[in-house]
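First, the structure itself, so that you have it in front of you.
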Amino acid sequence: MNQIIQIAKRELASFFDSLMGYVLIIMFLGFSGFFTWIYGDDIFFIGEANLNIFFKVAYWSLFFFIPSLTMRSLTGELRGGTLELLLTKPISYWQLILGKFTSTFILISMALAPSIVYYISLWFIGSVDHPAIILGYIGLLMMSMSYIALGIFCSSLSDSPIIALLSSLCIGIFFHQIFETIASSSLGVMGSIFSSLSMFTHFESISRGIFDLQDFIYFFSLIIFGLYASKEILVSRNLNA
Amino acid sequence: MDIVVEHLTKRYGPQKAVDNISFRVKAGEVLGFLGPNGAGKTTTMKALSCFIMPEEGDVKIGGYSIREHPEKIKKHIGYLPENNPLYQDMNIIDFLEFIAKVHQIPKHLIQERLLDMVKVCGLEGEKHKLIRELSKGYQQRVGLAQALIHDPDILILDEPTTGLDPNQIVEIRELIRRIGKEKTVILSSHILAEVEATCDRIMIINNGRVIVDGTAEELRKQAQGNEILKLGVAGGDINEIFEKLMDIESVETVDFIDFECQLLEVQSYPDASSVKAIFDTCVANNYYITELTPIETKLEDIFRELTTH
């Protein structure tokens, strides 16, 4: 556990040293705030005291932000050779990967945390569906964890951050939108398979305030699969290199 | 802690980088790995430090196998990888503190260890600089400091002096020698003088196999075959002198080193010395000797001879 914390701390410090952390938080809040309160179908226009718009904006903006954070997580270690430094210390593959995972997750949580202000503001405006909003946040965190795991997996594939970024966007878009689009245009078994593979289905069901174990199983299986695959790739890299 | 390497084999595709290497290093020994580039030194060291898994064979360190207990072994090893990878965007103190914490050094001891390392490795003036701002020599010192910070029993250094200037090389060698008094050290190099200056024992590796294993003295002795003399003779025609020397029974070959200065290289048959016979020949023919020096086989020659076949 200590090892995971140390790696996460170092990683988090380097996010903020490189300004990446600040840029992300400011961009995310600016972006989501703009669409939630000011532009287009904003809260006042709809006239309902919920954060559905915020969740929709966050759903898309996190999809782009997360790969840009994870694109360096293992590629940096591979490129700089520091993987050798870490793995010859008393650090296991799992500790390394979980450390990376934790640091990115903390950063995303830090970006989401100030948006609680939106929630509190709503509270004053009208009667709020509290469980829906809380589950919405849980949904965002779950989705973030899935994409972080996917991003870490993609960053274990090569030592190029660009390849990591593009491949995680490429794989991610299938879960994010394409499966949903296929599902909505196909019928029967095919439709339900794609629908259950789609991130959109599960995120929407959670953010509507419906607690369904299926959704959580979906997110956790994505997370575990992503992290396990990255670990296996690192191991095989060291067996053959 | 003893290191026991048993039949270590590691392949890269069809090529064997390390081919069935076995050796032992006793606690407190300083072992130098010598070999041309690509001989398998780095691969062996990576296996010793639990970074790569060999296909066959095993390494046991302090009784633990790298296959079963890498976590236990890693605690006792300080490893300086070949290209000295460091986090370029951290400053020295933060970086060393991170490594200390990863090694789970108790909190109240960390500060003390940090200052100790900064002092031992001569980083006092630079300690608040970012690592990427440091020259290569200082980065190498940081690499050494991170390898030493948890006071390991075994130190594995892969080419510790590459990229350093001559003064720094001397300093790092001094440091290694000082550390080597208490710890088991394995270092690799393709510079002979370095290994000779720092190591108790030398192992030459080529094409993934151990070719020679012994002290510098033993190596010399082993390679010393025939007596070779550098001989300067004056007082006569050089061609005549040449013929007279060839007539000596114990002389196998005579070569000209410098025709003008009448310098020759005289090689005797195995186990024979021609010194007295040369002297007698000169006296008999009224020549006089201007120079007579035995040519010692240098480690360089041994190295070259062993690794070019």
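The values are calculated or read from the model by the stated rules, or taken from the named source; none is laboratory data. For clarity, every value in this text was computed on a predicted model and none was experimentally measured. Cβ coordinates were reconstructed from backbone atoms using ideal geometry, including for glycine residues, and neighbour counts include every protein chain displayed. With ligands, DNA and RNA removed, areas are computed over all heavy atoms of the protein, side chains included. Shrake-Rupley method; radii C 1.70, N 1.55, O 1.52, S 1.80 Å.
When you look at the Cβ of every residue in A:114-120, what mean number of other chain Cβ atoms sits within 10 Å? Intermediate results must be reported in sequence, preceding the final value.
On the way: counts 0, 0, 0, 0, 0, 0, 0.
Taking all residues of A:114-120 together, the mean is 0.
Roll a 1.4 angstrom probe over the protein heavy atoms and tell me the percent of accessible area of the protein assembly as shown that is carbon or sulfur. Each step should come with its number before you reach the end.
Details: 14990 of 25520 Å².
The computed percentage sits at 59.
On average, how much area does the Cα convex hull of chain B cover when viewed from any direction, in nm²?
If you wrap the Cα atoms of chain B in a convex hull and average its projections, you get 20.4 nm².
Of A:F28, A:S198, A:I97, whose Cα points farthest to the positive end of the dipole of chain A (charges on the beta-carbon: +1 Lys, Arg; -1 Asp, Glu; origin at the Cα centre)?
A:I97
For the protein assembly as shown, restrict the atom set to alpha-carbon positions and state the Rg and Dmax in Å.
33.7, 125
Let me ask you something else. Semi-axes of the equivalent ellipsoid of region B:107-238: what are they in whole Å, largest first, if each equals the square root of 5 times a C-alpha gyration tensor eigenvalue?
Over the Cα atoms of region B:107-238, the semi-axes work out to 40, 19, 13 Å.
Still on this structure: Helix A:20-33 versus the longest principal axis of chain A: what is the Cα-based angle in degrees, 0 to 90, to the nearest 10?
10 degrees
To the nearest whole number, what is the average tally of beta carbon atoms from other chains within 10 Å of the beta carbons of peptide B:80-90? Walk me through the intermediate numbers first.
Values: counts 2, 6, 2, 3, 2, 9, 4, 8, 2, 6, 4.
Counting other chains' Cβ atoms within 10 Å and averaging over B:80-90 gives 4.
What trypsin sites (Lys or Arg not before Pro) in region B:164-212 are in a loop by DSSP, with at most 15 other Cβ atoms within 10 Å of the Cβ?
Filter output for region B:164-212: B:K181.
Can you give the Kirkwood hydrodynamic radius for region B:135-210, in Å, rounded to one decimal and based on Cα pairs?
One over the average 1/r among Cα pairs gives 13.0 Å for region B:135-210.
Once the mean 1/r over all distinct Cα pairs of region A:1-123 is inverted, what Kirkwood radius in angstroms do you read off? Kindly include the intermediate steps, with their values, before the conclusion.
Values: mean 1/r = 0.0623 Å⁻¹.
It works out to 16.1 Å.
Accessible area per residue for chain A in Å², computed with a 1.4 Å probe and the full protein assembly in place, what is it?
45 Å²
Considering the Cα positions of region B:23-107, please state its Rg to one decimal place and its Dmax as a whole number of Å.
In order Rg, Dmax, the Cα atoms of region B:23-107 give 15.0, 43 Å.
On to the next question. Would you tell me the accessible area of A:W123, worked out with a 1.4 angstrom probe on the heavy atoms of the protein chains, in Å² to the nearest 10?
140 Å²
Over the alpha-carbon set of chain A, work out the extent along each principal axis and list the three values in angstrom, largest first.
Result, largest extent first: 58, 46, 30 Å.
Reachable aspartates and glutamates from A:K56, Cα under 18 Å, same-chain residues fewer than 8 places away excluded?
Leaving aside aspartates and glutamates fewer than 8 places away in the same chain, those within reach of A:K56 are A:D41, A:D42, A:E48, A:D129, A:E180, A:E204, A:D215.
Express in Å², to the nearest 10, the accessible area of B:C199 obtained by rolling a 1.4 Å probe over the protein heavy atoms while all chains stay in place.
Roughly 20 Å² of B:C199 is accessible to a 1.4 Å probe.
So what's region B:166-243 giving for Rg/Rh, alpha carbon basis, Kirkwood Rh from the mean inverse pair distance?
Expressed as Rg/Rh, it is 1.23.
So for region A:140-180, Kirkwood radius off the Cα pairs, Stokes-Einstein at 25 °C and 0.890 mPa s: how many µm² s⁻¹? Please report the intermediate quantities before stating the final value.
Details: Rh = 10.4 Å.
For the chosen part, D equals 236 µm²/s.
For region A:88-215, what is the relative contact order in percent, using Cα pairs closer than 8 Å and at least 6 residues apart in sequence?
Worked out over region A:88-215, it gives 26 percent.
Through the Karplus equation 6.51 cos²θ - 1.76 cosθ + 1.60, θ set to phi - 60°, convert the phi angles of region B:201-214 into ³J(HN,Hα) values in whole Hz; use x for Gly and Pro.
For region B:201-214, the Karplus curve yields 9, 10, 10, 9, 10, 8, 6, x, 10, 7, 9, 9, 9, x Hz.
Now for a separate question. If you average the C-alpha positions of region B:122-160 and of region B:265-292 separately, how far apart do those two centres end up, in angstrom?
Cα centroid of region B:122-160 versus Cα centroid of region B:265-292: 55 Å apart.
Might you report the magnitude of the Cβ-based charge dipole of the protein assembly as shown about its Cα centre, with Lys and Arg at +1 and Asp and Glu at -1, to the nearest 20 debye?
The calculated dipole for the protein assembly as shown is roughly 2420 debye.
Under a 5 Å amide H to amide H cut-off, with H placed in plane at 1.01 Å, what residues pair with B:I295 once short-range neighbours are removed?
HN-HN under 5 Å from B:I295: B:I228, B:L229, B:K230.
Any chance you could check the Cα centroid distance between region A:78-112 and region A:121-199 for me, in angstrom?
23 Å
Return the Rg/Rh ratio of region A:156-214 with Cα-based radii and a Kirkwood Rh.
That ratio equals 1.12.
Sticking with this one: Using only alpha carbon pairs under 8 Å that are at least six residues apart, calculate the relative contact order of chain A and give it in whole percent.
It comes to 25 percent, rounded to a whole number.
Rounded to the nearest 100 Å², what's the accessible area chains B and A bury against each other, both chains counted, probe 1.4 Å?
Looking at B and A, the buried total is near 2400 Å².
Counting only protein heavy atoms, probe 1.4 Å: which residues of region A:1-28 lose 50 Å² or more of accessible surface in the full assembly compared with their chain by itself?
Relative to the lone chain, where solvent access is computed with a 1.4 Å probe, region A:1-28 loses at least 50 Å² at A:Q6, A:R10.
In a GNM of chain A with a 10 Å cut-off on Cα contacts, which of A:L98, A:L83, A:L213 has the highest mean-square fluctuation?
Checking each option, the largest mean-square fluctuation is seen for A:L213.
Can you return the aspartates and glutamates within cross-link range of B:K72? Criterion is Cα-Cα under 18 Å, with same-chain partners fewer than 8 residues away left out.
The reachable aspartates and glutamates, counting only those whose Cα sits under 18 Å from B:K72, are A:E84, B:D2, B:D58, B:D151, B:D153.
Do me a favour and compute the ellipsoid semi-axes for region B:23-174 from its Cα gyration tensor, root of five times each eigenvalue, largest one first, whole Å.
Gyration-tensor ellipsoid for region B:23-174: 26, 20, 14 Å.
Could you pull out the trypsin sites (Lys or Arg not before Pro) across region B:1-64 that fall in loop regions by DSSP (anything but H, G, I, E, B) with no more than 13 other Cβ atoms inside 10 Å?
Sites meeting the loop and neighbour criteria: B:K26.
Report the chymotrypsin sites (Phe, Trp or Tyr not before Pro) located in region A:178-241 that are in a DSSP loop and have at most 12 other Cβ atoms inside 10 Å of their Cβ, or state none.
Qualifying residues, ordered by number: A:F211.
With charges set only on the Cβ (+1 for Lys and Arg, -1 for Asp and Glu), what does the dipole of region A:54-191 come to about its Cα centre, in debye to the nearest 20?
Working: 5 positive and 5 negative charges, 32 e Å.
Here region A:54-191 has a charge dipole of around 160 debye.
With charges set only on the Cβ (+1 for Lys and Arg, -1 for Asp and Glu), what does the dipole of chain A come to about its Cα centre, in debye to the nearest 20?
660 debye
Once you keep just the Cα pairs under 8 angstrom separated by 6 or more residues, what percentage relative contact order results for chain B?
Result for chain B is 20 percent.
Let me ask something else. Put +1 on the Cβ of every Lys and Arg and -1 on every Asp and Glu Cβ in the protein assembly as shown; which of A:L83, B:V120, B:V233 then has its Cα farthest towards the positive end of the dipole?
Most positive-ward Cα: A:L83.
Let me ask another. Report, by chain and number, residues whose modeled amide H sits under 5 Å from the one on B:N206, excluding near sequence neighbours (fewer than 5 apart, same chain).
Under 5 Å from the amide H of B:N206: B:I211.
Could you tell me how far the Cα centroid of region A:5-29 sits from the Cα centroid of region B:12-41, in Å?
42 Å
Charges on Cβ only, +1 for Lys and Arg, -1 for Asp and Glu, centred on the Cα centroid of chain A; of A:Y228, A:I138, A:F65, which one is farthest towards the dipole's positive end?
About the Cα centre, the residue reaching furthest to the positive side is A:Y228.
Once you have a ≥ b ≥ c as the square roots of the Cα gyration tensor eigenvalues for region A:80-156, tell me rounded if a/c is under 1.5, and otherwise prolate or oblate according to whether a/b is larger than b/c. Walk me through the numbers on the way to the answer.
Working: a/c = 4.02, a/b = 3.22, b/c = 1.25.
Verdict is prolate for region A:80-156.
On to the next question. Would you mind classifying region A:114-210 by shape? Square roots of the alpha carbon gyration tensor eigenvalues, ordered a ≥ b ≥ c; an a/c under 1.5 is rounded, otherwise it is prolate if a/b is larger than b/c and oblate if not.
Oblate, because a/c is 1.5 or more while a/b does not exceed b/c.
Then there's this: Output the pairs from B:K183/B:K230; B:K10/B:K74; A:K100/B:K46 with a Cα-Cα distance over 31 Å in this structure; if there are none, say none.
Checking Cα-Cα distances, B:K183/B:K230 exceed 31 Å.
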